[in-house]
Amino acid sequence: MVSLRPATAADVPTLRTVCALAYRDNPLMRWVLPDDATRADACAAWLGPALERYVAHGRVDVAVAGDAVVAVAAWRPAGVDLAGAGAPVLPSPAGVLRALVGATRADEVLTALARSAPLAPTTPGAYLNYLAVHPEHQGRGVGAALLDAGLATLRAPGAGTPWLATTDPANLPFYARRGCTAAGTVDLAPGGPTLTVLHAA
């Protein structure tokens, strides 16, 4: 039996691990962090600071099986800049990425990702940055339960249009079944992954 609840600061180490294992073979992570041997650790290091900020200033729901957090959905509320939320705190997600892959490569990655901004909804609502399910619990409807729970409240009238992006084509039918429609794509690099932006209208 899986239950859902809001994340707490105490969950952050587990959230890092769940995301790292869930995203280890994601096309974006393979492009940014090409070393198979270190990708899971590098992914946890890169995403960790962002997850801390999401728990503190965003909306983060987790799925719990027994006593273990097995999945996470992290939303950035509309109009909230999580990178600048509150007093400066180190490490920053961008700073960690620069430490992992070098400043030049990090700037290339961040610039490529930023090219998706024009595909945001006209009235953007909450942005789903992370939906991750531990590999041992995938295919059981856990991610769907988290997404549906978020959308049930975030699709409220006047709240803007929730949206998200993915580089994994296998995810597109999953999101389509929940009413998400593709707004466009961005090729992040020649021969690299394609980022699809979806609106959950």
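The values are calculated or read from the model by the stated rules, or taken from the named source; none is laboratory data. These figures come from a predicted structure and were not determined experimentally. Cβ placement follows ideal geometry from the backbone for every residue including glycine, while neighbour counts extend to all protein chains displayed. Calculation scope for accessible area: heavy atoms of the full protein, side chains included, ligands and nucleic acids excluded. Shrake-Rupley method; radii C 1.70, N 1.55, O 1.52, S 1.80 Å.
It is to be established whether one or more residues within region 31-42 are at pLDDT below 95 and open to solvent by 30 Å² or more (accessible area, probe 1.4 Å). Break it down into steps so the answer makes sense when it comes.
Going through region 31-42, the residues at pLDDT below 95 turn out to be none.
No, region 31-42 contains no residue that is at pLDDT below 95 and open to solvent by 30 Å² or more (accessible area, probe 1.4 Å).
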Which residues, counting only those in region 125-148, are more than 20 Å from residue 165 (Cβ to Cβ) and assigned to a helix (DSSP H, G or I)? 135, 136, 137, 142, 145
Residues that are in a helix (DSSP H, G or I), open to solvent by less than 20 Å² (accessible area, probe 1.4 Å) and touching a residue at least 24 places away in the same chain (Cβ under 8 Å): does region 59-75 have at least one? no
Just checking, how many residues over region 119-132 are open to solvent by 30 Å² or more (accessible area, probe 1.4 Å), in contact (Cβ under 8 Å) with a residue 60 or more places away in the chain and not aliphatic (A, V, I, L, M)? 1
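Take the conditions buried (at least 19 other Cβ atoms within 10 Å of the Cβ) and among the aliphatic types (A, V, I, L, M) and apply them to residue 164. Does it pass?
Details: buried (at least 19 other Cβ atoms within 10 Å of the Cβ): yes; among the aliphatic types (A, V, I, L, M): yes.
In short, yes.
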Give the residues of region 76-94 that are among the small types (Gly, Ala, Ser), part of a loop (DSSP other than H, G, I, E, B) and either exposed (fewer than 12 other Cβ atoms within 10 Å of the Cβ) or at pLDDT 95 or above (or both), sorted by residue number. 79, 86, 87
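Select, from 110, 97, the only residue that is surrounded by fewer than 18 Cβ atoms within 10 Å (Cβ to Cβ), modelled with pLDDT of 95 or more and not in a strand (DSSP E or B).
Values: 97 fails: surrounded by fewer than 18 Cβ atoms within 10 Å (Cβ to Cβ).
Selected residue: 110, the only one of 110, 97 that is surrounded by fewer than 18 Cβ atoms within 10 Å (Cβ to Cβ), modelled with pLDDT of 95 or more and not in a strand (DSSP E or B).
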Given (1) open to solvent by 10 Å² or more (accessible area, probe 1.4 Å); (2) within 25 Å of residue 114 (Cα to Cα); (3) not in a loop (DSSP other than H, G, I, E, B), residue 14 misses just (2)
Would you point out which residue out of 135, 93 is in contact (Cβ under 8 Å) with a residue 40 or more places away in the chain, within 26 Å of residue 7 (Cα to Cα) and under 14 Å from the mean Cα position of the chain (by Cα)? 93
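In this structure, is residue 173 more than 23 Å from residue 43 (Cα to Cα), open to solvent by less than 40 Å² (accessible area, probe 1.4 Å) and modelled with pLDDT of 95 or more?
Judged against the criteria, residue 173 is not a match.
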